[in-house]
Each structure stands twice: as C-alpha cells, then as structure tokens.
Amino acid sequence: MEYIIIFIGSAFVSNIVLAQFLGICPFLGVSTKVGTAVGMGTAVIFVMTLATIVTWLIYYYLLVPFHIEFLQTISFIFIIAALVQMVEIILKKSVPSLYQALGIYLPLITTNCAVLGIAILTITKEYNLMQGVVYTISIAVGFTFAIILFAGIREQLELTEVPKGMRGIPIALIITGILSLAFMGFANLV
Amino acid sequence: MNQWKNFTKGFLRENPVLVLILGTCPTLATSTSVSNGLGMGLALTFVLVMSNLVIASIKNLIPGKVRIPAFILVIATFVTIVDYVLKGYVPALHKELGVFIPLIVVNCIVLGRAEAYASKNSVLSSIIDGFGMGFGFTLALMTLGGIREILGAGTFFGMKVPIFPADMQGNPKTILIFILAPGAFLVYGYLVALTNRLKNKLN
C-alpha cells in the first residue's frame, strides 16, 4: 500500500516535469516525435533507477560512516557521470540491440538535472533503499508519461499555424503550462 | 573585445534565460517571488564568477581530454560552498530553493560558460563575463518572479500591491495559478515570446 501511494504521488501528483520543474531540457528538446520520446523515457527510467541505487549505497555506506556528507554533491555528479559512461560501454559490448535503441540518449542524460535531483531528493526524504527505488521508478515513469503526451501534442502542433513570435520554445512552454494545469487535477488523489 | 560590451551582452542580446533558453529548471522553480529569484540569481552568479575565475586561471594546466570532469569538479566545489553558506546564514531561503542549490552543478549556464568562454579567454574577461551572465540570469529571474508574485500573491518583495479587489474576509482575490506550477510555464513562455519580438525589432 505504501508503495502504491509513493507511486501515484510521485508519478502523477507531483510529476517531475510538470510540478517539480526537473528535466525540462530533455522534455523540451527530445519531444518532437513520439518515437524519440519513448526512447528517451526508457533511457531515463533505466539510468535514474541505477543512479539512485548506487548513490544511495555510496551515501549510507561511505559518506555517512566517514562523516563526509558535505561531499554529497561532488561525489554524486561524478558517480552519475561515470555510471552513464559505464552503462554505455557495457550495453555496446553485450546488448547491442538495446544500445542501438538507447545509445544516443545516454550521453544526454549525464547532464540531466533530473537524475542528480532525484538522487539528492531520495536522500533528503530519508527513504530506505526499497522506498527509494520505488520512488525513482515512479518519478521516471511520470517523466516518460509526460514526455510522450507532450510529443503527441507537438506532432499535432506542426500542422497548426502559430504566430511568428510564439513559434518554437514559447508555444512549447505555454502548452507545458496547460498540461501542468491538467495534471493539477490529480492533486487530491493521495 | 570591449569589456563593457562583454559585461552587458548577458542582459538582453545573449540573455541566458530568455534568449539562449539555458538553465530552465531553476528559472521555473525558483521564480515564485522576487526575493527567491534574487536569491537564486545571486547564488548562481557567485558560482559562475568563481568557477570562471578558477577555470580561466588553470586552463593551461588541464589536459583537453579530461577538461569536462575538471570543470565539474571546480563548479561542484563552489556549489557546495554556496549550499553550506546559505544553510548557515539564510536557512529560510535555503529551504525555499531546496534541491535547486546543489543542482547548480548541472546547470547548463555554468558549464556552458566554462566550456565556451572561460577555457579560451583571459582571467579578467572571464570574471566580467561571469558577472554579466549572472546578472542577466538574475534579472530574468526577478522579472519572472515579479510578475508571478504580483499576479499570484498580490505582493512585491513581500509588500502589498493593492490592485486586487478584496473578498469577504478582506483578503485580496489574487490569481493564485500564477504562483503555482502552471503559472511558471505560462509567464516564461510569454516572456520568451516578448523577448523574441523585442530582438527582432532591434535588428
């Protein structure tokens, strides 16, 4: 039950993009086609979950015992960067088909603030490992859900005539605002 | 290049937030009021200036292949300093900005200036560039925060702005949506559109 509440709460009610403002760059950048949005979403679910598990272990078994919690930011960003590189190399060697599908999105994720943000939030919220993993997966599913919805809208947008000054980023932001308004409907779910 | 031009380019022509669309996450998240925008802007300016300074001074010592991790190490050091200073001296602001302080590490403005500017230019130019870009960011955040605070909360820097009619209890009937998440996207969208139009007019 607890995990279901975490899932609904973080995937829909406080959706990472539409309510918490994390991961806006890939959300705006890789959402012109539904196909690429699905690829990006899958890559984010994969990397985010891995990153949270590793950073959680590092924090509680390395930083806390040695009382060097102030190294949190520095160590997390390096762990995530190294992790993404490693995943890329392993995938390339052992699962080429998956690498073909996710490959181009992986380097983009290193500088995605959502991955580092969620790793830090999992620590701030004092989740245990299991709760942290459920939380991260829900957040990533919420991201995927939002980016696929948004890509669908943007495909339709291609066909409409937008005023000159509003083309590109401005109209994308305003649509995100309306989408975020729609997601506020989930507010009293949990 | 003319140093004054170097300083002012971040204000409108190359404004990181409104023209280059960099650092969107903190822009949207921390612009709920003018003071939050100012706090975030100053925190980022400090990191930007200091990291530009250090990177410009050690640019010849960093091997090309590992320059990005080296930049991130420098940036992360200053971010940690800002994080702890804010936590110690302005805990209220630190709580408001929350996770977005440590996230300055992955802010594309800071890394972008390190890679595109500080690693190629002199120390002085890099410091000026850092201040210019930082102030441009702060200015954009305060504009966004100002609009959202006035429309959403009916205040400016916490002072009442009497433009809304009062309800039965005497509280102003403000447009609450503007301080909530959707308002951030809407105001930001219209501000970028307005900047585009201004830039087109100037050209």
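Can you confirm whether A:F12 is touching a Phe, Trp or Tyr at 6+ places or on another chain (Cβ under 6 Å), at pLDDT 85 or above and crowded, with 16+ Cβ neighbours inside 10 Å? Against the criterion (touching a Phe, Trp or Tyr at 6+ places or on another chain (Cβ under 6 Å), at pLDDT 85 or above and crowded, with 16+ Cβ neighbours inside 10 Å), A:F12 qualifies. Number of residues in segment A:148-174 that are within 13 Å of A:I24 (Cα to Cα) and either more than 7 Å from chain B (Cβ to nearest Cβ) or of a type in the set (G, A, S) (or both) equals 2.
Taking every residue in segment A:80-95 that is over 10 Å from A:A51 (Cα atoms) and pairing it with any residue that is among the hydrophobic types (A, V, I, L, M, F, W, C) and modelled with pLDDT under 85, at least 6 positions away or on another chain, the pairs with Cβ-Cβ distances below 6 Å are A:E88/A:L106; A:L91/A:L98. Among the residues of segment B:118-142, those identified as crowded, with 18+ Cβ neighbours inside 10 Å and either among the hydroxyl-bearing types (S, T, Y) or in contact with a strand residue (DSSP E or B) (Cβ under 9 Å, 6 or more places away or on another chain) (or both) are B:S119, B:S125, B:S126, B:T138. When segment B:14-23 is filtered for residues that are in contact with a Phe, Trp or Tyr (Cβ under 8 Å, 6 or more places away or on another chain) and either among the β-branched types (V, I, T) or more than 30 Å from B:N203 (Cα to Cα) (or both), only B:V17 remains.
Any residue in segment B:61-79 that is closer than 28 Å to A:T124 by Cα, away from chain A (no Cβ under 12 Å) and either assigned to a helix (DSSP H, G or I) or touching a strand residue (DSSP E or B) at 6+ places or on another chain (Cβ under 8 Å) (or both)? Before you say what the answer is, go through the steps one by one.
In the first step, residues of segment B:61-79 are kept if they are closer than 28 Å to A:T124 by Cα; the result is B:68-79.
Narrowing further to those that are away from chain A (no Cβ under 12 Å): none.
No; the residues of segment B:61-79 include none that is closer than 28 Å to A:T124 by Cα, away from chain A (no Cβ under 12 Å) and either assigned to a helix (DSSP H, G or I) or touching a strand residue (DSSP E or B) at 6+ places or on another chain (Cβ under 8 Å) (or both).
Of all positions in segment A:27-34, at least one carries a residue that is of a type outside the set (A, V, I, L, M), in contact with a helix residue (DSSP H, G or I) (Cβ under 9 Å, 6 or more places away or on another chain) and away from chain B (no Cβ under 14 Å). Please tell me if B:E115 is within 14 Å of another protein chain (Cβ to nearest Cβ), touching a residue at least 12 places away in the same chain (Cβ under 8 Å) and under 20 Å from B:I62 (Cβ atoms). Yes, satisfied.
Looking only at segment A:87-125, count every residue that is part of a helix (DSSP H, G or I), within 14 Å of chain B (Cβ to nearest Cβ) and at pLDDT 80 or above and tell me the total. Full working, then the answer.
At the first step, the residues of segment A:87-125 found to be part of a helix (DSSP H, G or I) are A:87-94, A:96-110, A:113-124.
Add one more test, that the residue is within 14 Å of chain B (Cβ to nearest Cβ), and what stays is A:107-110, A:113-124.
From the residues that got through so far, the ones that are at pLDDT 80 or above too are A:113-124.
Number satisfying all stated conditions: 12.
The residues on offer are B:A140, B:A153, and the sole one that is more than 14 Å from chain A (Cβ to nearest Cβ), in contact (Cβ under 8 Å) with a residue 40 or more places away in the chain and small (G, A, S) is B:A153.
The rows are residues; the columns are (1) touching a helix residue (DSSP H, G or I) at 6+ places or on another chain (Cβ under 7 Å); (2) farther than 20 Å from A:L22 by Cβ.
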| residue | (1), (2) |
| --- | --- |
| B:N121 | yes, yes |
| B:G130 | yes, yes |
| B:R148 | yes, no |
| B:F156 | yes, yes |
| B:K160 | no, yes |
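Is it true that B:P182 is at pLDDT 90 or above and either facing chain A (nearest Cβ under 10 Å) or assigned to a loop (DSSP other than H, G, I, E, B) (or both)?
On the way: at pLDDT 90 or above: yes; either facing chain A (nearest Cβ under 10 Å) or assigned to a loop (DSSP other than H, G, I, E, B) (or both): yes.
So B:P182 fits the description; yes.
Residues of segment B:38-83 that are small (G, A, S), crowded, with 23+ Cβ neighbours inside 10 Å and within 20 Å of A:F78 (Cα to Cα): B:S51, B:A76. Residue pairs whose Cβ atoms lie under 8 Å apart, separated by 6 or more positions or on different chains, with the first residue in segment B:1-14 and in contact (Cβ under 8 Å) with a residue 40 or more places away in the chain and the second in a helix (DSSP H, G or I) and among the aromatic types (F, W, Y), are B:F7/B:F131; B:G10/B:F135; B:G10/B:F137; B:F11/B:F135.
The values are calculated or read from the model by the stated rules, or taken from the named source; none is laboratory data. Bear in mind the structure is a predicted one, so any value in this text is a computation, not a measurement. Note: ideal-geometry Cβ built from the backbone for every residue, glycine included; neighbour counts use all protein chains shown.
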